[in-house]
1. Using a simple spin-label model with points 7 Å from Cα along the Cα→Cβ vector, what separation in nm is obtained for Asn112 and Leu72?
2. What does the highest-first list of 66-72, 177-183, 127-133 look like by mean Cβ count within 10 Å?
3. May I ask you to give the solvent-accessible area per residue for the range 1-66, in square angstrom, as obtained with a 1.4 angstrom probe?
4. Straight distance only, please: which lysines reach the Cα of Lys284 with their own Cα at less than 19 Å, same-chain residues fewer than 8 apart left out?
5. What distance in nm lies between label points placed 7 Å from Cα along the C-beta direction at Thr368 and Arg256?
6. Could you state the angle between the C-alpha long axis of helix 16-27 and the longest principal axis of the C-alpha atoms of the chain, as a value from 0 to 90 degrees rounded to the nearest 10?
7. Work through the residues other than Gln67 whose Cβ is under 15 Å from its Cβ and net out their charges, Lys, Arg +1 and Asp, Glu -1.
8. In whole Hz, what ³J(HN,Hα) sequence does the range 372-381 give by Karplus (6.51, -1.76, 1.60; θ = phi - 60°), x for Gly and Pro?
Amino acid sequence: MSLPRETDVLIVGGGVMGLGIAYHLAKNGVRDVVVLERSYLNYGASGRNGGGVRMQWSTETNIRLMQESIELCKRFAGELKINIWLRQGGYLFLARAEAERARMERNIALQNRCGVPTRLISPAEAKRIVPELEVSELVCAAHNPRDGIVFPWPFLWGYANQAAARGVAICPFTSVERIVPTGAGFRVQTSRGEVRAQRIVNAAGAWSPEVAKLVGIELPNRPHRHEILSTEPLKPFLKPMVSLLSSGLYFSQSMRGEIVTGISVEDHDDGHVKMGSRLQFLTKVARELVRVMPRLSQVKVLRQWAGPYDVSPDGNPIVGEAPSVPGFYLCCGFVGHGFMMAPVVTKYYGEFLAGSARPAFFDPWRPTRFAEGTLVKEEMILG
Ligand SMILES: Cc1cc2nc3c(=O)[nH]c(=O)nc-3n(C[C@H](O)[C@H](O)[C@H](O)COP(=O)(O)OP(=O)(O)OC[C@H]3O[C@@H](n4cnc5c(N)ncnc54)[C@H](O)[C@@H]3O)c2cc1C
């Protein structure tokens, strides 16, 4: 694709956020859109994630958005002509400590008020849902049968193909290197020449602080390496995504039978994105996994990989127009849940940039909240 020299909206980042916004802009009549991705599409977190989609959250904003997002996932094949392999096998959160029970009770009450059918269940009931679980250390569990998993890659193909079909210029291997605000827009220097843009969307995920710096903005989000692995395929036996609140371990079984599991490991934070795999992760995840499901002790690991979580101080995203640079929009800080939120977030973001009303979630997620000191922390972060 040759690089357009002028555009209305220039999107930095060819991950699920950038491509989703591009699709929704085009769908709503804004066809003068360019997506610049410095590597191949989905090089970042979007091509490396675990595909979990859930309504079990601790803030009303996140619960309600995820209810809508899962509904949008169900309609994805019809709208974007591609199967995302949504399987609603539920999410089962396990608690080992009494303090976690109190947290679960509080969150379940809020989820139920929003219409999510999560239930607090006993360890024995958890074992009825997943008979292979070792439940002797558990105090209780939370189960929502409507949560699930998707296969991440078709999201990219669906958004990218349908955006391109509507005239969006998608340019992989094109890095944004310099941005000069001109008063009436921006001059953007890329690795393949200059583009003039009226508006810019920073959808560069864990690299978004670097991109924001190009226009003099200091963002508070930090990259955090998150590692994950997949095993040889096993005969299907595991319906829900299972997660331990205490350690952040999670695991599910893919449509092809592999066990996909991840957990966060301490890392040196120097502000740079790191995507190398470590033995330290392999030993930590293996120990935790076998403790809760001893049956998996003999399973063979096929591959492990890492990707960047884009971590904001309160665990919530950063969206909207940057107050100090008119025309420069942010869509970042999605930690470990940007994939599941992309269907709903990119729909409203695209509609907003095409002229519709400012979406309600722009308020709790506004970039100014950090300076104002009005943070509402999301508790249900996995990792
Ligand atoms: C291992 C792992 C497991 C996860 N599991 C889940 C899960 O189960 N469920 C869930 O919902 N979420 C999960 N996530 C989180 C989710 O993947 C992310 O929140 C989401 O993909 C973020 O999308 P994005 O488009 O904002 O960023 P990314 O996908 O990271 O895209 C940003 C893109 O910007 C590009 N870029 C950066 N700088 C420049 C530049 N200067 N010029 C041009 N392009 C640039 C990068 O190359 C990159 O491709 C997981 C993440 C990881 C790493």
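The values are calculated or read from the model by the stated rules, or taken from the named source; none is laboratory data. What you are looking at is a predicted structure, and each value in this text was computed from that prediction instead of being measured. So basically every Cβ, Gly included, is an ideal-geometry build from the backbone, and we count neighbours across all protein chains shown. When the accessible area is computed, the model is the full protein with side chains, heavy atoms only, and any ligands, DNA or RNA have been set aside. Shrake-Rupley method; radii C 1.70, N 1.55, O 1.52, S 1.80 Å.
1. 2.9
2. Values: 66-72: 17.9, 177-183: 13.0, 127-133: 15.3.
Descending mean neighbour count gives 66-72, 127-133, 177-183.
3. Details: 2040 Å² over 66 residues.
Each residue of the range 1-66 exposes 31 Å² on average to a 1.4 Å probe.
4. Lys274, Lys300
5. 4.8
6. Taking the Cα atoms of the chain, the angle to 16-27 is about 50 degrees.
7. Details: positive: Arg54, Arg64, Lys74, Arg75, Arg113, Arg146, Lys347; negative: Glu60, Glu68, Glu71, Asp147.
Once positives and negatives cancel, what remains is +3.
8. These are the phi-based 3J(HN,Hα) values: 6, x, 10, 7, 10, 6, 7, 8, 8, 8 Hz.
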